[in-house]
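**Q** Have a look at the structure that comes next, please.
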Amino acid sequence: MVEYVIAPPPVVAVPVVGGGAFPVRRVFCVGRNYAEHAREMGGDPSREPPFFFMKPADALLTGNADMPYPPATNDMHHEMELVVAIGIGGTDIAEADALAHVWGYAVGLDMTRRDVQNVARKAGRPWDMGKGFDHSAPIGDIVPASKIGHPEKGLIELKVNGVVRQSSDLSKMIWNIPETISYLSGLVRMEPGDLIFTGTPEGVAATVRGDVLEGRVEGVGSLRTKIV
Ligand code: MN
């Protein structure tokens, strides 16, 4: 038995609708996966291969908890996203097999220090400090695919203080869920506990302290967080 020299970190887990909790291993995020959002970011909406970045698992914020406004930014944006929870690992997963690796789904927010990210983008530096800060990934409860199936279409929406800021449809993803899993599993081995944030539609904008963010994906679930 190993004697740890400091206390090991707790297992990060997301509550599951109906009981239990989903233990999280890694958090992957797809960059630029809706054409209109690619355009609003000044990018190319064409179907070039997907790209990925990561957030630490302990950036997840569960249970509709308040989100502390982070340091080192004056321009923190919301990005409303569908989240895929991987239950079965694999390498080089074929698109036709990909959905069998999915345990469930959730809604999530890829909160972004846009000013920090933009400095990094212009300098050709990593995005980590723009994306992977503390509490940067509010997430709703995970619902099992065995209950809801695998969503291919449906409203994805974010309201800020009751006003719709982001509204699109899952069918508008440039790379759909099987394609995303297949591509990512060719880069790294997928493991049980991995989450994939699948990208945001257009309408991203800054948030300030006091804002109440309410997101939902039709047929999947919802989340709520207040910026404090
Ligand atoms: Mn995103």
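**Q** Identify all residues within the range 74-104 that are within 16 Å of the ligand (Cβ to nearest atom) and of a type outside the set (Asp, Glu); write none if there are none.
**A** Of everything in the range 74-104, those that are within 16 Å of the ligand (Cβ to nearest atom) and of a type outside the set (Asp, Glu) turn out to be 76, 77, 78, 80, 82, 83, 84.
**Q** Within the range 133-163, which residues are within 17 Å of residue 111 (Cα to Cα) and not in a loop (DSSP other than H, G, I, E, B)?
**A** Passing the criteria: 137, 138, 139, 156, 157, 158, 159, 160.
**Q** I'd like the full set of residues that are aliphatic (A, V, I, L, M) and under 28 Å from residue 42 (Cβ atoms), limited to the range 183-222. Outline the logic, then answer.
**A** Looking only at the range 183-222, we keep the residues that are aliphatic (A, V, I, L, M), and these are 184, 187-188, 190, 195-196, 204-206, 208, 212-213, 217, 220.
Once the filter is applied, which keeps residues that are aliphatic (A, V, I, L, M) and under 28 Å from residue 42 (Cβ atoms), the range 183-222 yields 184, 187, 195, 196, 204, 205, 206, 208, 213, 217.
**Q** Just one of the numbered conditions (1) basic (Lys, Arg); (2) surrounded by fewer than 16 Cβ atoms within 10 Å (Cβ to Cβ); (3) closer than 21 Å to residue 15 by Cα is not true of residue 55; which one?
**A** The single condition residue 55 does not satisfy is (2).
**Q** Further question: Need the failing condition index for residue 183 against (1) closer than 26 Å to residue 102 by Cα; (2) touching a Lys or Arg at 6+ places or on another chain (Cβ under 8 Å), just the number.
**A** All conditions are met except number (2).
**Q** Do we have any residue at all in the range 132-144 that's without any contact (Cβ under 8 Å) to a residue 40 or more places away in the chain and within 13 Å of the ligand (Cβ to nearest atom)?
**A** Scanning the range 132-144 turns up no residue that is without any contact (Cβ under 8 Å) to a residue 40 or more places away in the chain and within 13 Å of the ligand (Cβ to nearest atom).
**Q** Can you give me the number of residues within the range 1-52 that are open to solvent by less than 80 Å² (accessible area, probe 1.4 Å), of a type in the set (Val, Ile, Thr) and away from the ligand (no atom under 15 Å from the Cβ)?
**A** Counting residues in the range 1-52 that are open to solvent by less than 80 Å² (accessible area, probe 1.4 Å), of a type in the set (Val, Ile, Thr) and away from the ligand (no atom under 15 Å from the Cβ) gives 5.
**Q** Something else: Looking only at the range 195-212, count how many residues are of a type outside the set (Phe, Trp, Tyr), open to solvent by less than 10 Å² (accessible area, probe 1.4 Å) and within 14 Å of the ligand (Cβ to nearest atom).
**A** The total comes to 6.
**Q** For residues that are assigned to a loop (DSSP other than H, G, I, E, B) and away from the ligand (no atom under 14 Å from the Cβ), scanning just the range 112-131, find the one that is most open to solvent (accessible area, probe 1.4 Å).
**A** Among them, the one singled out is 125.
**Q** What is the one condition in (1) within 16 Å of the ligand (Cβ to nearest atom); (2) part of a loop (DSSP other than H, G, I, E, B) that residue 192 does not satisfy?
**A** The single condition residue 192 does not satisfy is (1).
The values are calculated or read from the model by the stated rules, or taken from the named source; none is laboratory data. Please read all numbers here as calculations on a predicted model, not as lab measurements. Note: ideal-geometry Cβ built from the backbone for every residue, glycine included; neighbour counts use all protein chains shown. Keep in mind that these areas ignore ligands, DNA and RNA; they rest on the heavy atoms of the full protein, side chains included. Shrake-Rupley method; radii C 1.70, N 1.55, O 1.52, S 1.80 Å.
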